[in-house]
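To start, the structure under review is shown below, and the notes come after it.
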Amino acid sequence: MRDQLYINGEWVSPDLGGYLDVIDPATEQAFHRVAAGTEEDVDHAVRAARRAFDNGWSQTSGAERAQWLEALADELETGKQALSELEVRDNGKPLPEAQWDIGDAIACFRYYAGLARDLDQQQDQPLVLLDERFRCRIRHEPIGVAGQIIPWNYPLLMAAWKVAPALAAGATVVLKPSELTPLTALELAAAADRIGLPAGVLNVITGLGADAGSPLTEHPGVDKLAFTGSVPTGAKIMSAAARDIKNISLELGGKSAFIVFDDADIEAAVEWILFGIFWNQGQVCSATSRLLVQETIAPRLIERLVEETRKISIGPGMQPGVLLGPLVSQGQYDKVLGFIDQGLASGARLLTGGQRPAHLREGYFVKPAIFDEPGHSSILWREEVFGPVLCIKRFKTEEQAVQMANASRFGLAAAVMSADLQRTARVANQLRAGIVWVNCSQPTFVEAPWGGMKHSGIGRELGQWGLHNYLEVKQVTEYVSDQPWGWYLK
Ligand code: NAD
């Protein structure tokens, strides 16, 4: 395991010499430390990224970059099991989910290798102009230096979603992972180092948001800021970006609704609802945390949800058979229990869970909780808990379900379940969310756009949209007529 910063192709100690403990959330014990990067380190990294951009990387072909991305994917593949175990230790998630994440991260690098190759074909496409005296071609050029700031819920996967499209586009990167889960981002830097990725193309600065993240957002040498995290931090980044008119993309929080109509298959609904809120301990931006159930099936559906939730096994992520690990940190544990207390105080009925499991004396464990009928204005119904807490409300009509689902400041995702596919299509089209799942919840595909409306963010990641976050569009227009332009030469 590494504890230094990766700048300009070298492992370096932090400028101020500070380090941060890395805590295992299943034991609450520090098991490692990482460098606490600060403004000076960020400045070195941004300058290195600029030099790498100007001195060759931006001029590479898509096919060359594809080879680097594939080499990175191969390196990660070789270390897949070790990376998965590191992710469990750092984040707490069950091992099968960590393996799933690392597999998805590798697939993301391979996918963007393909898009980098396609980019060569799409370069200099002619654009037909109505005025035949001109000939126009369209270029897609790399945006420059990208500052990327990511959260802790899918540490390596969030890094892949940002680094892979940026490198595919020909941008260079300064990546700032979350201080809570920095280890697999450092392993990504180590993989880049082993394959000999040119110095400065990928730099990784660990450290706190205020000390390492904030200077990155304010650095005048950064052309693009890509952020995934909370709404308040997103707002700060947006205002920091305004000073230099930096290009931004923001993937923020959510409070996504799951609408279940009375003709849905109850057992399928139970599985998707529980997966939609409880996987990754509910620490998922797109978690379908607000369940809207048609009142005629509410008693039966809720009874089954409570029954199955009580069976969910909870324990350290490395323990076989565990479905729920600990929350990521003491701070997150306190925050989630605080939400539960406020929910109880507001009169919402707790049907199950919401406390530390009796058999686990250490670790940030919380039993998956279900609340029935919190008030429309209660914090539990309105705000993102980012933990294993499901809230249920009933509806009578389709119109009411859509209205309740859309009555949120967030608009990241939504799910709808019904046997009537005309109805699911109608509802999907009316939901104000960037992602709508029909008869399922949460599956995420590298080819499909990811991102939200309203307070859930700006822009889209993944797919071709992810690549275009790191490309500038340029028109090159040529006067081809043999006639004078005719402003004064007649
Ligand atoms: P956070 O906003 O606290 O931190 C995210 C990152 O920003 C961390 O690396 C942190 O160090 C950094 N940071 C903090 N303050 C900063 C500042 N002033 N300037 C620059 N950087 C700063 O969020 P978190 O707790 O790590 O993650 C949870 C949040 O992320 C949730 O709201 C969740 O919904 C959201 N999220 C969204 C998506 C999505 O795709 N929309 C995906 C995952 C997580």
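Among the residues making up the range 262-291, those that are within 20 Å of Glu307 (Cα to Cα), of a type outside the set (Asp, Glu) and in a loop (DSSP other than H, G, I, E, B) are Ala264, Thr288, Ser289.
Would you check if there is a residue in the range 114-125 being outside any strand (DSSP E or B), surrounded by 24 or more Cβ atoms within 10 Å (Cβ to Cβ), touching a Pro at 6+ places or on another chain (Cβ under 6 Å) and not charged (D, E, K, R)? Looking for residues that are outside any strand (DSSP E or B), surrounded by 24 or more Cβ atoms within 10 Å (Cβ to Cβ), touching a Pro at 6+ places or on another chain (Cβ under 6 Å) and not charged (D, E, K, R), one finds none in the range 114-125, hence no. What's the number of the only condition in (1) within 14 Å of the ligand (Cβ to nearest atom); (2) within 15 Å of the chain's Cα centre (by Cα) that Leu183 fails to meet? Status for Leu183: all satisfied but (2).
Counting just the residues of the range 32-68 that are in contact with a helix residue (DSSP H, G or I) (Cβ under 9 Å, 6 or more places away or on another chain) and assigned to a strand (DSSP E or B), which one comes out surrounded by the most Cβ atoms within 10 Å (Cβ to Cβ)? Across the range 32-68, the extreme among qualifying residues is Ala35. Checking each residue in the range 102-131 for being among the charged types (D, E, K, R) and free of Cβ contacts under 8 Å to residues at least 12 places away in the same chain picks out only Asp131.
Just checking, how many residues over the range 186-216 are in contact (Cβ under 8 Å) with a residue 24 or more places away in the chain, within 14 Å of the ligand (Cβ to nearest atom), more than 19 Å from Ile102 (Cα to Cα) and outside any loop (DSSP other than H, G, I, E, B)? Number of matching residues: 7.
So, in the range 1-31, how many residues would count as being in a strand (DSSP E or B) and more than 25 Å from the chain's Cα centre (by Cα)? Give the steps one after another, and end with the answer.
First, the residues of the range 1-31 that are in a strand (DSSP E or B): 5-7, 10-12, 19-24, 29-31.
From what's left, more than 25 Å from the chain's Cα centre (by Cα): 10-12, 19, 29-31.
Matching residues across the range 1-31 total 7.
Answer with yes or no whether Thr309 is in contact with a Leu (Cβ under 7 Å, 6 or more places away or on another chain), more than 16 Å from the ligand (Cβ to nearest atom) and of a type in the set (S, T, N, Q). Yes, satisfied. Do we find a residue being farther than 22 Å from Gln294 by Cα, surrounded by fewer than 23 Cβ atoms within 10 Å (Cβ to Cβ) and under 24 Å from the mean Cα position of the chain (by Cα) anywhere in the range 412-422? No, that holds for no residue. Of the residues making up the range 79-113, those that are farther than 16 Å from Ala189 by Cβ, touching a Pro at 6+ places or on another chain (Cβ under 7 Å) and part of a helix (DSSP H, G or I) are Asn91, Tyr112. So is Ile392 modelled with pLDDT of 95 or more, within 25 Å of Thr444 (Cα to Cα) and not hydroxyl-bearing (Ser, Thr, Tyr) or not? For Ile392, the condition - modelled with pLDDT of 95 or more, within 25 Å of Thr444 (Cα to Cα) and not hydroxyl-bearing (Ser, Thr, Tyr) - is met.
Taking the residues in the range 452-472 that are of a type in the set (A, V, I, L, M, F, W, C) and part of a strand (DSSP E or B) as candidates, determine which candidate is farthest from Arg139 (Cα to Cα). Break it down stepwise before answering.
Step one: filter the range 452-472 for residues of a type in the set (A, V, I, L, M, F, W, C), giving 453, 458, 462, 465, 467, 471.
With the extra rule that they be part of a strand (DSSP E or B), the set shrinks to 453, 458, 471.
Values: Met453: 29, Ile458: 24, Leu471: 9 Å.
By that ranking, first place goes to Met453.
Determine if the range 252-266 includes at least one residue that is in contact (Cβ under 8 Å) with a residue 24 or more places away in the chain, touching a Cys at 6+ places or on another chain (Cβ under 8 Å) and among the polar types (S, T, N, Q). Within the range 252-266 (the criterion being in contact (Cβ under 8 Å) with a residue 24 or more places away in the chain, touching a Cys at 6+ places or on another chain (Cβ under 8 Å) and among the polar types (S, T, N, Q)), the answer is no, since none of the residues qualifies.
For the range 144-160, the candidate set comprises residues that are in a strand (DSSP E or B) and within 10 Å of the ligand (Cβ to nearest atom); within that set, the residue that is surrounded by the most Cβ atoms within 10 Å (Cβ to Cβ) is Gly147. Can you find even one residue in the range 133-148 that is among the polar types (S, T, N, Q), assigned by TED's automatic domain parsing to the domain that holds Phe31, touching a strand residue (DSSP E or B) at 6+ places or on another chain (Cβ under 7 Å) and at pLDDT below 95? Looking through the range 133-148, none of the residues is among the polar types (S, T, N, Q), assigned by TED's automatic domain parsing to the domain that holds Phe31, touching a strand residue (DSSP E or B) at 6+ places or on another chain (Cβ under 7 Å) and at pLDDT below 95. Among the residues of the range 450-467, at least one is assigned by TED's automatic domain parsing to the domain that holds Pro126, away from the ligand (no atom under 16 Å from the Cβ) and surrounded by 13 or more Cβ atoms within 10 Å (Cβ to Cβ).
Of the residues that make up the range 328-345, is at least one surrounded by 15 or more Cβ atoms within 10 Å (Cβ to Cβ), in contact with a Lys or Arg (Cβ under 8 Å, 6 or more places away or on another chain) and among the hydroxyl-bearing types (Ser, Thr, Tyr)? Within the range 328-345, none of the residues are surrounded by 15 or more Cβ atoms within 10 Å (Cβ to Cβ), in contact with a Lys or Arg (Cβ under 8 Å, 6 or more places away or on another chain) and among the hydroxyl-bearing types (Ser, Thr, Tyr). Taking the criterion of being surrounded by 24 or more Cβ atoms within 10 Å (Cβ to Cβ), more than 18 Å from the chain's Cα centre (by Cα) and within 10 Å of the ligand (Cβ to nearest atom), no residue of the range 234-263 qualifies. Check the range 418-436 and report whether any residue there is of a type in the set (Val, Ile, Thr) and within 16 Å of the ligand (Cβ to nearest atom). Checked against the condition, which is being of a type in the set (Val, Ile, Thr) and within 16 Å of the ligand (Cβ to nearest atom), the range 418-436 yields at least one hit. Kindly indicate whether any position in the range 161-178 is within 15 Å of the ligand (Cβ to nearest atom), among the aliphatic types (A, V, I, L, M) and either in the same structural domain as Glu384 (by TED's automatic domain parsing) or surrounded by fewer than 24 Cβ atoms within 10 Å (Cβ to Cβ) (or both). So far as the range 161-178 goes, no, none of its residues is within 15 Å of the ligand (Cβ to nearest atom), among the aliphatic types (A, V, I, L, M) and either in the same structural domain as Glu384 (by TED's automatic domain parsing) or surrounded by fewer than 24 Cβ atoms within 10 Å (Cβ to Cβ) (or both).
Testing Arg290 on (1) within 16 Å of the ligand (Cβ to nearest atom); (2) farther than 17 Å from Pro443 by Cβ; (3) surrounded by fewer than 23 Cβ atoms within 10 Å (Cβ to Cβ), one condition comes back false. Which one is that? Only one criterion in (1) within 16 Å of the ligand (Cβ to nearest atom); (2) farther than 17 Å from Pro443 by Cβ; (3) surrounded by fewer than 23 Cβ atoms within 10 Å (Cβ to Cβ) is unmet by Arg290, namely (3). Regarding Glu141, is this residue crowded, with 20+ Cβ neighbours inside 10 Å, among the acidic types (Asp, Glu) and touching a residue at least 40 places away in the same chain (Cβ under 8 Å)? No: the conditions fail for Glu141. Of Val322, Val385, which residue is out of contact with any strand residue (DSSP E or B) (no Cβ under 6 Å at 6 or more places or on another chain), within 16 Å of the ligand (Cβ to nearest atom) and among the hydrophobic types (A, V, I, L, M, F, W, C)? Of Val322, Val385, the one residue that is out of contact with any strand residue (DSSP E or B) (no Cβ under 6 Å at 6 or more places or on another chain), within 16 Å of the ligand (Cβ to nearest atom) and among the hydrophobic types (A, V, I, L, M, F, W, C) is Val385.
The values are calculated or read from the model by the stated rules, or taken from the named source; none is laboratory data. A quick note: this is a predicted structure, and the numbers were derived from the prediction, not measured. Neighbour counts run over all protein chains shown; Cβ positions are idealised from the backbone, glycine included.
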